[in-house]
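*Asks:* What follows is a single structure, and I will ask about it in a moment.
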Amino acid sequence: MPVATDDQLLVKIHATTVNRTDCGYRAAKPFILRFFTGLIRPKRTVLGTEFAGEVEAVGSNVTSFKVGDRVFGYIEGRFGAHAEYLTVPEDASVAIMPANVTFDEAAASTEGSHYALANIQAAKIRSGQDVLVNGATGAIGSAAVQLLKSLGAHVTAVCSTEYLPLVERLGADRVIDYRTADFTADEQTYDVVFDAAGKSSFGRCKRLLKPNGIYLSTDLGPFPQNPILALITPLFRGKKVLFPIPRHDQQMVARIKGLLESKAFKPLIDRRYPLDEIVDAYRYVETGQKIGNVVICLTGRTE
Ligand SMILES: NC(=O)c1ccc[n+]([C@@H]2O[C@H](COP(=O)([O-])OP(=O)(O)OC[C@H]3O[C@@H](n4cnc5c(N)ncnc54)[C@H](OP(=O)(O)O)[C@@H]3O)[C@@H](O)[C@H]2O)c1
């Protein structure tokens with residue numbers, strides 16, 4: 001049982017997730033991650049970045065949370081949410097849960113959405129702009145479609161045949177089935193192409209962009225060129241690549257809380273597993289085929 005220090009909360013976890021960030025760290029992919037997470041073996045042996053639960057104890061200096069508060073948050077770097085109890089610094093990315101969401105939903109609401117938010121903010125996307133989202137069924141893509149719609153953007157979403165109705169329900173104005181059509185051959189042009197599945201390249205998407213259009217991707221790219229293009233292309237006029245590093249702090253969680261409360265965003269939940277089946281959850285997430293988020297329920301509810 002971890003013990004909260006003077007500036008920490010002890011949280012009894014009700015729900016957590018297995019996400020692509022956990023999988024990236026677990027498998028040390030891309031390789032460069034090893035320089036941060038442990039060259040030979042992982043520094044952190046309990047993963048888990050997203051959590052929702054109840055405050056069980058607080059340190060003597062803690063003033064903004066009390067025992068019994070329902071809290072949620074994101075702890076990339078620290079990890080440790082794949083456990084019954086977690087200690088979190090009071091000033092970490094943690095907030096009181098909105099009253100209108102369940103523990104499962106709160107747990108699934110931070111990872112994908114903060115990547116989506118970081119990209120949307122970096123590209124300064126505004127009402128009326130045309131945006132294409134590839135990978136609209138993923139954790140990041142499904143959050144991006146909802147957040148873009150709440151901003152008033154006109155969204156074209158790319159996903160596979162069976163999920164076309166789901167993505168329309170998330171708010172997409174137009175859908176492209178990637179099983180039957182190549183979205184990079186689309187006739188329409190866009191202010192922003194956001195590849196939330198990281199399956200394309202700037203080169204392939206350039207013709208889709210309006211003259212000052214922006215290409216965003218959640219992956220480094222095949223070579224891996226996206227971070228380099230993000231340094232070079234903004235130096236010139238015209239089409240460019242942005243590759244923002246997402247920030248996670250208390251402000252970010254407060255922003256997500258507001259989006260949940262206003263119903264601008266509701267995380268998509270695919271499967272739920274109990275903690276003792278977490279290996280199966282990892283195997284599933286690593287297929288790259290999950291729809292939205294995979295939740296680990298620690299309070300016995302897997303339906
Ligand atoms: N390294 C890191 O720390 C890190 C962290 C977060 C995200 N990322 C990267 O960001 C990307 C998205 O993350 P995520 O969590 O949103 O992923 P995810 O939830 O695992 O996304 C999977 C979704 O992508 C769709 N998809 C797969 N291939 C596709 C294709 N060719 N075209 C369109 N959609 C496709 C799948 O739909 P179907 O089943 O219909 O194919 C599935 O719904 C991933 O590539 C991930 O590696 C990396």
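The values are calculated or read from the model by the stated rules, or taken from the named source; none is laboratory data. All values reported here derive from a predicted model rather than from experimental measurement. Neighbour counts are summed over all protein chains in view; Cβ atoms, including those assigned to glycine, are modelled from backbone coordinates with ideal geometry. Just so you know, the surface numbers come from the protein's heavy atoms only, side chains and all, with ligands and any DNA or RNA stripped out. Shrake-Rupley method; radii C 1.70, N 1.55, O 1.52, S 1.80 Å.
*Asks:* Hey, among ASP191, ASP186, which residue is under 22 Å from GLY128 (Cβ atoms), at pLDDT 95 or above, of a type in the set (D, E, K, R) and within 16 Å of the ligand (Cβ to nearest atom)?
*Replies:* One residue alone meets the criteria, ASP186.
*Asks:* Answer yes or no as to whether ILE176 is of a type in the set (A, V, I, L, M, F, W, C), within 10 Å of the ligand (Cβ to nearest atom) and either open to solvent by 10 Å² or more (accessible area, probe 1.4 Å) or modelled with pLDDT under 95 (or both).
*Replies:* Yes, satisfied.
*Asks:* Another question, if that's okay. Quick one: ASP22 ticks every box in (1) touching a Gly at 6+ places or on another chain (Cβ under 7 Å); (2) within 16 Å of the ligand (Cβ to nearest atom); (3) assigned to a loop (DSSP other than H, G, I, E, B) except a single one, so which number is it?
*Replies:* All conditions pass for ASP22, except number (3).
*Asks:* Also: What number of residues within the range 25-47 satisfy the criterion of being within 8 Å of the ligand (Cβ to nearest atom) and farther than 17 Å from GLU286 by Cβ?
*Replies:* Residues in the range 25-47 being within 8 Å of the ligand (Cβ to nearest atom) and farther than 17 Å from GLU286 by Cβ: 0 in total.
*Asks:* I want to confirm something. Restricting to the range 88-123 and keeping residues that are part of a loop (DSSP other than H, G, I, E, B) and closer than 12 Å to LYS266 by Cβ, which single residue is farthest from the ligand (Cβ to nearest atom)?
*Replies:* That would be ASN100.
*Asks:* Here's another thing I want to ask about it. Which of the strands (runs of 3 or more DSSP E) contained wholly in the range 219-303 include at least 1 residues that are at pLDDT 95 or above and more than 17 Å from ILE120 (Cβ to Cβ)?
*Replies:* 269-274, 293-297
*Asks:* If you don't mind, there's one more thing I want to ask. Please specify each residue of the range 1-19 satisfying the condition of being in a strand (DSSP E or B) and buried (at least 18 other Cβ atoms within 10 Å of the Cβ).
*Replies:* Within the range 1-19, GLN8, LEU9, LEU10, VAL11, ILE13, HIS14, ALA15, THR16, THR17, VAL18 meet the criteria.
*Asks:* Condition first: in contact (Cβ under 8 Å) with a residue 24 or more places away in the chain, open to solvent by 70 Å² or more (accessible area, probe 1.4 Å) and among the charged types (D, E, K, R). Can you find one or more residues in the range 289-297 that meet it?
*Replies:* no
*Asks:* Sort through ALA81, ALA52, ALA28, ALA107 and tell me the only one that's without any contact (Cβ under 8 Å) to a residue 60 or more places away in the chain, within 30 Å of ALA197 (Cβ to Cβ) and either crowded, with 23+ Cβ neighbours inside 10 Å or not hydrophobic (A, V, I, L, M, F, W, C) (or both).
*Replies:* Going through ALA81, ALA52, ALA28, ALA107 in turn, just one is without any contact (Cβ under 8 Å) to a residue 60 or more places away in the chain, within 30 Å of ALA197 (Cβ to Cβ) and either crowded, with 23+ Cβ neighbours inside 10 Å or not hydrophobic (A, V, I, L, M, F, W, C) (or both): ALA52.
*Asks:* Suppose we filter the range 195-218 for residues that are open to solvent by 10 Å² or more (accessible area, probe 1.4 Å), assigned to a strand (DSSP E or B) and within 11 Å of the ligand (Cβ to nearest atom); how many remain?
*Replies:* 0
*Asks:* Would you confirm whether any residue within the range 140-150 is part of a strand (DSSP E or B) and more than 14 Å from the ligand (Cβ to nearest atom)?
*Replies:* There is no residue in the range 140-150 that is part of a strand (DSSP E or B) and more than 14 Å from the ligand (Cβ to nearest atom).
*Asks:* If you don't mind, another one. Quick one: in the range 55-110, which of the residues that are β-branched (Val, Ile, Thr) and within 17 Å of the chain's Cα centre (by Cα) is farthest from LEU259 (Cα to Cα)?
*Replies:* Ranking the qualifying residues of the range 55-110, first place goes to ILE75.
*Asks:* Can you tell me which of ASN119, ASN134 is more than 26 Å from PRO274 (Cβ to Cβ), buried (at least 20 other Cβ atoms within 10 Å of the Cβ) and in contact with a Pro (Cβ under 9 Å, 6 or more places away or on another chain)?
*Replies:* None of the other options fit; the residue is ASN119.
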